[in-house]
Amino acid sequence: RAFTQFGSPFKRYLLISVKDSEPVPQDTPVIGPEGVIGRVMVRNGSLYKVLLLTDPDSAIGVSCRRTGINGVAVGKGALLQVKWISSDADVKRGETFETSGQDGIFPAGFPVCTVTLVEAKKGYTMTIEAAPVSVLDKLRWVLLVEKKDG
(Lines give C-alpha, C1' and ligand atoms only; values in the text may rest on other atoms or scores of the structure.)
Protein backbone atom coordinates (compact mmCIF):
# COMPACT_ATOMS: atom_id res chain seq x y z
CA ARG A 1 0.00 0.00 0.00
CA ALA A 2 1.30 3.45 -0.95
CA PHE A 3 1.09 6.10 1.76
CA THR A 4 2.65 9.40 0.83
CA GLN A 5 5.29 11.15 -1.20
CA PHE A 6 7.91 13.19 0.54
CA GLY A 7 11.12 15.05 -0.15
CA SER A 8 12.10 18.40 -1.57
CA PRO A 9 10.95 19.56 -5.01
CA PHE A 10 13.77 17.53 -6.55
CA LYS A 11 14.27 14.65 -4.10
CA ARG A 12 11.28 12.37 -4.62
CA TYR A 13 10.33 9.39 -2.45
CA LEU A 14 7.24 7.31 -1.77
CA LEU A 15 6.51 5.54 1.49
CA ILE A 16 4.89 2.10 1.14
CA SER A 17 3.79 -0.58 3.58
CA VAL A 18 4.38 -4.28 2.94
CA LYS A 19 2.59 -6.63 5.32
CA ASP A 20 3.18 -10.30 6.09
CA SER A 21 6.12 -10.94 3.81
CA GLU A 22 9.81 -11.65 3.78
CA PRO A 23 11.93 -8.47 3.74
CA VAL A 24 11.91 -6.82 0.33
CA PRO A 25 15.45 -6.48 -1.09
CA GLN A 26 16.91 -3.08 -1.95
CA ASP A 27 16.46 -2.11 -5.64
CA THR A 28 13.27 -4.16 -6.00
CA PRO A 29 11.30 -2.57 -8.89
CA VAL A 30 8.04 -0.85 -7.93
CA ILE A 31 5.30 -0.70 -10.58
CA GLY A 32 1.93 1.09 -10.60
CA PRO A 33 -1.19 0.69 -12.77
CA GLU A 34 0.31 2.74 -15.62
CA GLY A 35 3.96 1.70 -15.38
CA VAL A 36 7.20 2.22 -13.46
CA ILE A 37 7.12 4.07 -10.11
CA GLY A 38 10.67 3.55 -8.84
CA ARG A 39 12.69 1.15 -6.72
CA VAL A 40 12.91 0.16 -3.06
CA MET A 41 15.72 1.87 -1.16
CA VAL A 42 15.38 1.64 2.65
CA ARG A 43 13.37 -0.51 5.07
CA ASN A 44 12.08 0.36 8.54
CA GLY A 45 9.92 -2.50 9.85
CA SER A 46 7.05 -3.01 7.39
CA LEU A 47 7.63 0.44 5.81
CA TYR A 48 9.82 0.96 2.78
CA LYS A 49 11.16 4.13 1.18
CA VAL A 50 10.85 4.01 -2.61
CA LEU A 51 13.07 6.21 -4.77
CA LEU A 52 10.72 7.60 -7.43
CA LEU A 53 11.81 7.57 -11.05
CA THR A 54 11.63 11.40 -11.12
CA ASP A 55 14.29 11.78 -8.39
CA PRO A 56 17.62 13.10 -9.74
CA ASP A 57 19.36 10.07 -8.18
CA SER A 58 17.19 7.73 -10.26
CA ALA A 59 18.36 6.29 -13.59
CA ILE A 60 16.53 3.60 -15.58
CA GLY A 61 17.62 1.86 -18.77
CA VAL A 62 14.93 2.57 -21.38
CA SER A 63 14.09 1.67 -24.95
CA CYS A 64 11.83 3.52 -27.40
CA ARG A 65 8.77 1.31 -27.91
CA ARG A 66 8.53 2.16 -31.65
CA THR A 67 12.17 2.12 -32.75
CA GLY A 68 14.00 0.11 -30.06
CA ILE A 69 16.57 2.89 -29.54
CA ASN A 70 18.15 2.57 -26.07
CA GLY A 71 18.93 5.32 -23.58
CA VAL A 72 18.81 6.15 -19.87
CA ALA A 73 15.91 8.01 -18.23
CA VAL A 74 17.18 10.25 -15.41
CA GLY A 75 14.91 12.06 -12.94
CA LYS A 76 14.60 15.85 -13.07
CA GLY A 77 12.10 16.60 -10.27
CA ALA A 78 8.69 16.30 -11.94
CA LEU A 79 9.99 15.12 -15.33
CA LEU A 80 12.67 12.84 -16.76
CA GLN A 81 15.47 13.43 -19.22
CA VAL A 82 16.26 10.60 -21.63
CA LYS A 83 20.01 10.67 -22.17
CA TRP A 84 22.52 9.06 -24.48
CA ILE A 85 20.33 9.08 -27.58
CA SER A 86 22.24 9.86 -30.79
CA SER A 87 21.40 13.18 -32.46
CA ASP A 88 20.49 11.30 -35.67
CA ALA A 89 18.05 8.93 -33.91
CA ASP A 90 14.36 8.84 -34.87
CA VAL A 91 12.54 9.99 -31.71
CA LYS A 92 9.34 12.04 -31.82
CA ARG A 93 7.20 13.91 -29.31
CA GLY A 94 4.55 11.52 -27.92
CA GLU A 95 6.79 8.41 -28.13
CA THR A 96 6.72 5.98 -25.22
CA PHE A 97 9.90 4.69 -23.62
CA GLU A 98 9.77 1.43 -21.66
CA THR A 99 12.27 -0.41 -19.49
CA SER A 100 15.02 -2.01 -21.57
CA GLY A 101 16.15 -4.53 -18.96
CA GLN A 102 19.76 -3.45 -19.49
CA ASP A 103 20.15 -1.72 -16.10
CA GLY A 104 19.96 -5.02 -14.22
CA ILE A 105 17.15 -3.72 -11.97
CA PHE A 106 13.98 -3.43 -14.07
CA PRO A 107 12.81 -6.23 -16.36
CA ALA A 108 12.19 -5.19 -19.97
CA GLY A 109 8.81 -3.98 -21.20
CA PHE A 110 7.32 -1.81 -18.43
CA PRO A 111 6.19 1.68 -19.59
CA VAL A 112 8.31 4.50 -18.12
CA CYS A 113 7.67 7.83 -19.84
CA THR A 114 6.19 9.75 -22.76
CA VAL A 115 8.35 12.21 -24.71
CA THR A 116 7.28 15.85 -24.30
CA LEU A 117 10.26 17.63 -25.94
CA VAL A 118 12.90 16.64 -28.49
CA GLU A 119 15.73 19.04 -29.36
CA ALA A 120 18.62 18.24 -31.66
CA LYS A 121 21.97 19.15 -30.12
CA LYS A 122 25.03 20.34 -31.97
CA GLY A 123 26.99 17.46 -30.44
CA TYR A 124 26.45 13.73 -30.62
CA THR A 125 23.29 13.42 -28.55
CA MET A 126 19.84 15.04 -28.50
CA THR A 127 17.95 16.54 -25.58
CA ILE A 128 14.79 14.58 -24.75
CA GLU A 129 12.42 15.48 -21.91
CA ALA A 130 9.63 13.14 -20.92
CA ALA A 131 6.76 12.87 -18.45
CA PRO A 132 6.34 9.72 -16.37
CA VAL A 133 3.44 7.53 -17.51
CA SER A 134 2.53 6.87 -13.87
CA VAL A 135 0.55 9.46 -11.92
CA LEU A 136 2.95 9.55 -8.98
CA ASP A 137 0.92 11.76 -6.65
CA LYS A 138 -2.28 9.66 -6.75
CA LEU A 139 -0.95 6.20 -5.87
CA ARG A 140 -2.79 3.98 -3.40
CA TRP A 141 -1.42 0.54 -4.30
CA VAL A 142 1.80 -0.55 -5.98
CA LEU A 143 3.26 -3.84 -7.17
CA LEU A 144 6.72 -5.07 -6.17
CA VAL A 145 8.42 -7.06 -8.93
CA GLU A 146 10.26 -10.04 -7.48
CA LYS A 147 13.41 -11.19 -9.22
CA LYS A 148 13.74 -14.93 -9.78
CA ASP A 149 17.01 -16.68 -10.49
CA GLY A 150 17.10 -18.74 -13.66
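The values are calculated or read from the model by the stated rules, or taken from the named source; none is laboratory data. This one's a predicted model, so the numbers in the text were calculated from it and none came from an experiment. Glycine also receives a Cβ, built like all others from the backbone with ideal geometry; neighbour counts cover every protein chain displayed. All accessible areas refer to the heavy atoms of the entire protein, side chains included, with ligands and DNA or RNA removed. Shrake-Rupley method; radii C 1.70, N 1.55, O 1.52, S 1.80 Å.
Overall, the accessible surface of the chain at a probe of 1.4 angstrom is composed of carbon and sulfur to the extent of 53 percent. For the range 36-110, the relative contact order is 24 percent, taking Cα pairs closer than 8 Å that sit 6 or more residues apart in sequence and dividing their mean separation by the residue count.
Taken as Cα centroids, the range 81-150 and the range 11-58 sit 18 Å apart, rounded to the nearest whole angstrom. Scoring 70-83, 134-147 by mean Cβ neighbours within 10 Å over their residues and listing the highest first yields 70-83, 134-147.
Couplings for the range 61-69, taken from phi via the Karplus curve 6.51 cos²θ - 1.76 cosθ + 1.60 with θ = phi - 60°, read x, 10, 9, 5, 4, 7, 9, x, 5 Hz in order; Gly and Pro are left as x. If you sort 92, 49, 19 by accessible surface, 1.4 Å probe, largest first, the order is 19, 92, 49.
Around the amide H of residue 85, modelled in the peptide plane, lie the amide H atoms of 126, all under 5 Å away and 5 or more residues distant in sequence or on another chain. Once you sort the root eigenvalues of the Cα gyration tensor of the range 42-121 as a ≥ b ≥ c, which label holds: rounded (a/c under 1.5), prolate (a/b larger than b/c) or oblate (the other case)? Cα axes put the range 42-121 in the prolate bin.
Remark: the range 140-145, residue by residue, has Karplus-estimated 3J(HN,Hα) of 10, 9, 9, 10, 9, 9 Hz, where x stands for each Gly or Pro and the curve is 6.51 cos²θ - 1.76 cosθ + 1.60 at θ = phi - 60°.
How would you classify the range 99-150 from its alpha-carbon gyration tensor, with a ≥ b ≥ c the square roots of the eigenvalues: rounded for a/c under 1.5, else prolate if a/b is greater than b/c, otherwise oblate? Oblate is the answer for the range 99-150, as a/c is 1.5 or above yet b/c matches or exceeds a/b. The calculated pair-distance distribution of the chain uses every alpha carbon pair, bins of 5 angstrom beginning at 0, and gives 2, 10, 20, 22, 19, 13, 8, 4, 2, 1, 0 percent. As a length-normalised measure over Cα pairs under 8 Å and 6 or more apart, the relative contact order of the range 64-150 settles at 26 percent. When each of the peptides 20-27, 57-64, 104-111 is scored by how many other beta carbons lie within 10 Å of its residues on average, the order from highest to lowest is 57-64, 104-111, 20-27.
Could you tell me the calculated FRET efficiency between residue 44 and residue 83, based on Cβ-Cβ distance and R0 = 35 angstrom, to the nearest 0.05? After rounding, the FRET efficiency stands at 0.60.
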